[in-house]
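The next block holds one structure in the form of structure tokens; read it before the comments.
Derivation of every value follows stated rules applied to the coordinates shown; laboratory data play no part. As the structure is a prediction and not an experimental result, all values here were calculated from the model. Every residue, glycine among them, receives a Cβ derived from its backbone with ideal geometry; neighbour counts consider all protein chains shown.
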Amino acid sequence: MKTQDLIDRFGLTAAAGKDGTDREIAGGYCGDLLSEVMANAPIGCVWMTIQVHQNIVAVAVLREMAAIVLAMDNQPDPETCEKADREKIPILLYSGTSYELAGKLYGAGIVNKTAGE
Amino acid sequence: MAALKKSFQLKSRDFMHAGEASISVQNMLKQIGIEPALIRRVAICAYEGEMNAVTHGENGNFRIEVNTDKIILDISDEGPGIEDIEKAMEKGFSTATEEYREMGFGAGMGLPNMETNSDRMDIESEKGQGTRVVMRFSLSPGSRKNET
Ligand SMILES: Nc1ncnc2c1ncn2[C@@H]1O[C@H](COP(=O)(O)OP(=O)(O)OP(=O)(O)O)[C@@H](O)[C@H]1O
Ligand SMILES: [Mg+2]
């Protein structure tokens, strides 16, 4: 599944990074501590977080992520959107909880192989 | 083969630019054909070192060198230094302020991540004297495919 399919299928909104929505999703991860995510999020994943600060974009780029999802209607900071546009990292908004979206992703066959691969 | 070198200045608390040195290193390693698994390890170390210099340090300096047989990341700053290195290395130990924790820092995993993902890490630091972290990654022969 590509990020664009995820948006269409589960009703997410792209707040930024719309040029990067054609990437294939290779897994999912939930986390709010940046160093923990850096160590454990699978390469190519969709990352669900409550962090809205611009630091999340570098983590996503360096971890080669497909997209960042902010659940519960959290809004990204303006600087976060500017960076995400520049780095082509989609920032997606979801009105439900991370738990709910993670369940949907898993149900759609997005499972992690091994952590970090 | 000539060594490739690049360096960056890191400004304390400059979150507008924090992460750019690491991303630039990631791109450079991709360009010269380093294997993806190694790039990912270097990316983690670069990010954690860069963020520590930006959040805990002052006047950071970030240098990378790619030789035939190894990659060296050398990240130093003139900040407050680390009082107890052994303690700082413990997973979960962090002096991050509430403000930093709200930004997602403060898991106390940066230094442990750097140690796990490098082949060798050396820290020099003293209270009031700044901090220098040098990480080395060995390159197997031929891993710099697209040499310039
Ligand atoms: N460059 C530095 N200058 C001064 N102190 C440092 C420096 N790097 C690390 N430290 C000290 O070591 C502690 C542990 O660092 P580490 O990177 O493991 O965790 P952290 O930065 O607190 O949180 P995280 O990296 O998980 O966001 C820091 O909280 C800080 O007290
Ligand atoms: Mg740190």
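Taking the condition among the small types (Gly, Ala, Ser) and either touching a helix residue (DSSP H, G or I) at 6+ places or on another chain (Cβ under 8 Å) or within 11 Å of ligand 2 (Cβ to nearest atom) (or both), does B:GLY60 pass?
Considered against the rule, which asks whether it is among the small types (Gly, Ala, Ser) and either touching a helix residue (DSSP H, G or I) at 6+ places or on another chain (Cβ under 8 Å) or within 11 Å of ligand 2 (Cβ to nearest atom) (or both), B:GLY60 comes out as yes.
Quick check, is B:ILE123 more than 14 Å from ligand 2 (Cβ to nearest atom) and surrounded by 16 or more Cβ atoms within 10 Å (Cβ to Cβ)?
no
So B:THR68 ticks every box in (1) more than 11 Å from ligand 1 (Cβ to nearest atom); (2) surrounded by fewer than 18 Cβ atoms within 10 Å (Cβ to Cβ); (3) in a helix (DSSP H, G or I) but one. Which box is left unticked?
Here B:THR68 clears every test but (3).
Please verify whether B:ASN113 is within 20 Å of A:ALA39 (Cβ to Cβ) and surrounded by 14 or more Cβ atoms within 10 Å (Cβ to Cβ), treating the condition exactly as stated.
yes
Any residue at all in region A:73-94 that's away from every other protein chain (no Cβ under 14 Å), within 23 Å of B:TYR47 (Cα to Cα) and surrounded by 22 or more Cβ atoms within 10 Å (Cβ to Cβ)?
Yes - at least one qualifying residue is present in region A:73-94.
Quick one: in region B:1-20, of everything that is away from chain A (no Cβ under 14 Å), of a type in the set (A, V, I, L, M, F, W, C) and exposed (fewer than 15 other Cβ atoms within 10 Å of the Cβ), which residue is nearest to B:ALA43 (Cα to Cα)?
Result: B:ALA3.
Here's the yes/no breakdown for (1) away from ligand 2 (no atom under 16 Å from the Cβ); (2) in contact (Cβ under 8 Å) with a residue 24 or more places away in the chain; (3) of a type in the set (Phe, Trp, Tyr):
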| position | (1), (2), (3) |
| --- | --- |
| B:ALA2 | yes, no, no |
| B:SER7 | yes, yes, no |
| B:ALA53 | no, yes, no |
| B:GLU65 | yes, yes, no |
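Select from region B:73-95 the residues that are in contact with a helix residue (DSSP H, G or I) (Cβ under 7 Å, 6 or more places away or on another chain), near ligand 1 (Cβ under 6 Å from one of its atoms) and not in a helix (DSSP H, G or I) and list them in ascending order.
B:ASP77, B:ILE82, B:PHE93
Can you spot a residue in region A:2-21 that is among the charged types (D, E, K, R) and either in a loop (DSSP other than H, G, I, E, B) or within 16 Å of ligand 1 (Cβ to nearest atom) (or both)?
No, the conditions are met nowhere in region A:2-21.
Considering only region A:1-47, how many residues are among the β-branched types (Val, Ile, Thr) and without any contact (Cβ under 8 Å) to a residue 40 or more places away in the chain?
Residues in region A:1-47 being among the β-branched types (Val, Ile, Thr) and without any contact (Cβ under 8 Å) to a residue 40 or more places away in the chain: 1 in total.
Just to be sure before I move on: is B:ASP84 closer than 23 Å to B:ASP14 by Cβ, within 16 Å of ligand 2 (Cβ to nearest atom) and among the acidic types (Asp, Glu) in the structure I sent?
In short, no.
Among what's in region B:21-54 and is charged (D, E, K, R) and over 18 Å from A:VAL37 (Cα atoms), pick the residue that is farthest from the other protein chains (Cβ to nearest Cβ).
B:GLU35
Tell me, yes or no, whether region A:24-34 has at least one residue that is of a type in the set (A, V, I, L, M, F, W, C), under 23 Å from B:GLY110 (Cα atoms), within 14 Å of chain B (Cβ to nearest Cβ) and crowded, with 23+ Cβ neighbours inside 10 Å.
yes
Can you tell me how many residues within region A:24-75 are part of a loop (DSSP other than H, G, I, E, B) and of a type in the set (Gly, Ala, Ser)?
Selection size over region A:24-75: 7.
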